[in-house]
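Let me begin by presenting the structure, written as structure tokens, before commenting on it.
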Amino acid sequence: MRPRVLTQWTVLQTTIDYNKDTAGAIQNTEIEGTYLTRKEAYEAAKTALLDEEVTKNSFAEYEERTDPTEKGEWPYGEEVWVHAVAETGENFNVAVKTPPHSHLKHKGKGDQTGQSLGGWL
């Protein structure tokens, strides 16, 4: 029986504060969560910046990607699902990513089963 290979979808929030670094080179990225389906990850990305006190209207700009197939019209990158700018100038990008080569089976020193490692180590 072939091992089942799982793909995990990771939601990442990147913050760029252009007030501290006008080039935008200093960025802080946090893992918001990991999901087993793309749909769950997309839904989580859409609410990553929001809570009971912080709404879309709390931001100077708030844009949500709605169509995963749209290309060329979305300037924030193919994996970014939410782009927001705070009143203070901080920029937020929420992306949905899969780990590189997560679809491949791994068999090495740490994994003798040949099953997918299922994420970043």
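Before moving on, here are some points about what is shown:
- Taken over the stretch 57-90, the residue count meeting the criterion of being free of Cβ contacts under 8 Å to residues at least 60 places away in the same chain, touching a strand residue (DSSP E or B) at 6+ places or on another chain (Cβ under 6 Å), within 16 Å of Asp17 (Cα to Cα) and among the acidic types (Asp, Glu) is 1.
- Pair list, Cβ < 8 Å and 6+ apart or interchain, from the stretch 10-26 residues that are within 25 Å of Thr47 (Cβ to Cβ) to residues that are modelled with pLDDT under 85 and surrounded by 14 or more Cβ atoms within 10 Å (Cβ to Cβ): Thr10/Thr98; Thr10/Pro99
The values are calculated or read from the model by the stated rules, or taken from the named source; none is laboratory data. Everything quoted here is computed from the prediction, not taken from an experiment. Every residue, glycine as well, gets a Cβ built from its backbone with ideal geometry; the counts of neighbours run over all protein chains shown.
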